[in-house]
Amino acid sequence: MMKELNRMCMEFPAKSCNEGFARSVVAAFATQIDPRFDELSDLRTAVSEGVTNAIVHAYSDQTGERQLVRLECVLYPDTIEITITDFGKGIEDVQQAREPLYTTAPEMERSGMGFTIMETFTDDMFVESKPGQGTKVFLRKVFSVHK
Amino acid sequence: MKFELSKAGTYLIVRIGGELDHHYCDIIRNRIDPELMEPPIRNIVFDFTGLTFMDSSGIGMLMGRLRIVQAIGGNACLICDNKNVLRILEMSGVARLFNRCKDISEAVRGA
Ligand SMILES: Nc1ncnc2c1ncn2[C@@H]1O[C@H](COP(=O)(O)OP(=O)(O)OP(=O)(O)O)[C@@H](O)[C@H]1O
Ligand SMILES: [Mg+2]
């Protein structure tokens, strides 16, 4: 078992102005283990994709409900684990959603690259979704920390 | 995010710096599109010098503007030297759909 160094959890409304906020929070939180700059950039991009998906897709068919995004981070000596949870409409077919260029929102100029980018820019990605209940995206990034 | 629009002949020049995400793509799109409807503008140049972050939202925004200028018989040019941004542009195939230039004077040569 890796030694857990720190953890945090926050919840914010699914508003686009929180995308930059979420990226900054994760980057600031990871600073504790002094990650390499390029690896931290990759992590910021992956987080941005996950949070943007929750904001763009999860609540697209609802109005006025409790539209929240939860962001949880657990920090280990050389690893960060991130879980992005929404309580929205969920994904019918996760396998299909993860395919490059697959999007249900071309009219909103989405390109279908979000999951592909998350997968490429992290070491592990798991997606759990229940239609009508929400989606959970788990990301793990291992850093080659400075010695 | 830093954003600046200017014109040179038939070229609309769009300078974007800082972080480009879904939030700012929505804002930028609404500023660019009316300008593309104004003759003689039919070409677009994206100057990403100083852009430090972009995610998939930027891909969609670029593809959308590319489609507009192609529909009015123009072309699209991209100036970008940030490694992270280029990686996203290349992964998605957007990079090769744009003319790549090293600076604005090269992009609007003969404008
Ligand atoms: N949190 C979510 N809730 C509901 N549906 C989602 C969620 N995340 C992703 N999806 C679905 O999965 C599809 C693929 O997601 P992905 O991020 O790969 O592409 P995109 O968001 O459509 O486009 P891009 O990320 O390139 O802007 C989406 O079009 C959407 O239908
Ligand atoms: Mg997406």
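The values are calculated or read from the model by the stated rules, or taken from the named source; none is laboratory data. All values reported here derive from a predicted model rather than from experimental measurement. Cβ atoms come from the backbone with ideal geometry, glycine included; neighbour counts cover every protein chain shown.
Taking the stretch A:94-104 only, how many residues are closer than 30 Å to residue A:8 by Cβ and within 14 Å of chain B (Cβ to nearest Cβ)?
Taking the stretch A:94-104 as the starting set, the residues that turn out to be closer than 30 Å to residue A:8 by Cβ are A:94, A:97-98.
Adding the requirement that they be within 14 Å of chain B (Cβ to nearest Cβ) leaves A:97-98.
Looking only at that region, the number is 2.
Each row is one residue, and each column tells you yes or no for (1) under 24 Å from residue A:45 (Cα atoms); (2) within 14 Å of chain A (Cβ to nearest Cβ); (3) not basic (Lys, Arg).
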{"position": "B:12", "(1), (2), (3)": "no, no, yes"}
{"position": "B:15", "(1), (2), (3)": "yes, no, no"}
{"position": "B:20", "(1), (2), (3)": "yes, yes, yes"}
{"position": "B:28", "(1), (2), (3)": "yes, yes, yes"}
{"position": "B:35", "(1), (2), (3)": "no, no, yes"}
{"position": "B:68", "(1), (2), (3)": "no, yes, yes"}
{"position": "B:92", "(1), (2), (3)": "yes, yes, yes"}
{"position": "B:100", "(1), (2), (3)": "yes, no, no"}
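Going by what's in this entry, would residue A:83 be described as modelled with pLDDT under 95 and either not charged (D, E, K, R) or not in a strand (DSSP E or B) (or both)?
Details: modelled with pLDDT under 95: no; either not charged (D, E, K, R) or not in a strand (DSSP E or B) (or both): yes.
Considered against the rule, which asks whether it is modelled with pLDDT under 95 and either not charged (D, E, K, R) or not in a strand (DSSP E or B) (or both), residue A:83 comes out as no.
Contact list please: Cβ distance under 6 Å, first residue in the stretch A:39-51 and within 9 Å of residue A:26 (Cβ to Cβ) and more than 9 Å from every other protein chain (Cβ to nearest Cβ), second residue of a type in the set (Lys, Arg) and part of a helix (DSSP H, G or I), pairs at least six apart or on different chains.
A:47/A:23
When you check residue B:67 against the structure, is it modelled with pLDDT of 95 or more and surrounded by fewer than 17 Cβ atoms within 10 Å (Cβ to Cβ), yes or no? I'd like the intermediate steps shown before the answer.
Numbers: modelled with pLDDT of 95 or more: yes; surrounded by fewer than 17 Cβ atoms within 10 Å (Cβ to Cβ): yes.
Taking the combined requirement at face value, the residue satisfies it.
Checking the structure you have, find out if any residue of the stretch A:52-68 is part of a strand (DSSP E or B) and either out of contact with any helix residue (DSSP H, G or I) (no Cβ under 8 Å at 6 or more places or on another chain) or away from chain B (no Cβ under 13 Å) (or both). Lay out the reasoning, then the answer.
In the first step, residues of the stretch A:52-68 are kept if they are part of a strand (DSSP E or B); the result is A:68.
Now drop any that are not either out of contact with any helix residue (DSSP H, G or I) (no Cβ under 8 Å at 6 or more places or on another chain) or away from chain B (no Cβ under 13 Å) (or both), which leaves A:68.
Yes, that holds for at least one residue.
Looking at the stretch A:15-37, I want the residues that are within 14 Å of chain B (Cβ to nearest Cβ) and under 13 Å from residue B:19 (Cα atoms) and have a partner that is in a helix (DSSP H, G or I) and basic (Lys, Arg) with Cβ atoms under 7 Å, at least 6 apart or on another chain. Which pairs are those?
Going by the 7 Å Cβ cut-off, the qualifying pairs are A:23/A:44.
Looking at residue A:74 and the list (1) part of a strand (DSSP E or B); (2) farther than 15 Å from residue A:54 by Cα; (3) of a type in the set (A, V, I, L, M); (4) within 14 Å of another protein chain (Cβ to nearest Cβ), which single condition is not satisfied?
Unmet condition: (4).
Across the stretch A:110-147, which residue is surrounded by the fewest Cβ atoms within 10 Å (Cβ to Cβ) among those that are near ligand 1 (Cβ under 8 Å from one of its atoms) and in a loop (DSSP other than H, G, I, E, B)?
A:112
Any idea which of (1) buried (at least 20 other Cβ atoms within 10 Å of the Cβ); (2) more than 20 Å from residue A:26 (Cβ to Cβ); (3) in contact with a strand residue (DSSP E or B) (Cβ under 8 Å, 6 or more places away or on another chain); (4) within 14 Å of chain B (Cβ to nearest Cβ) is the one residue A:91 doesn't satisfy?
The failed condition is (4).
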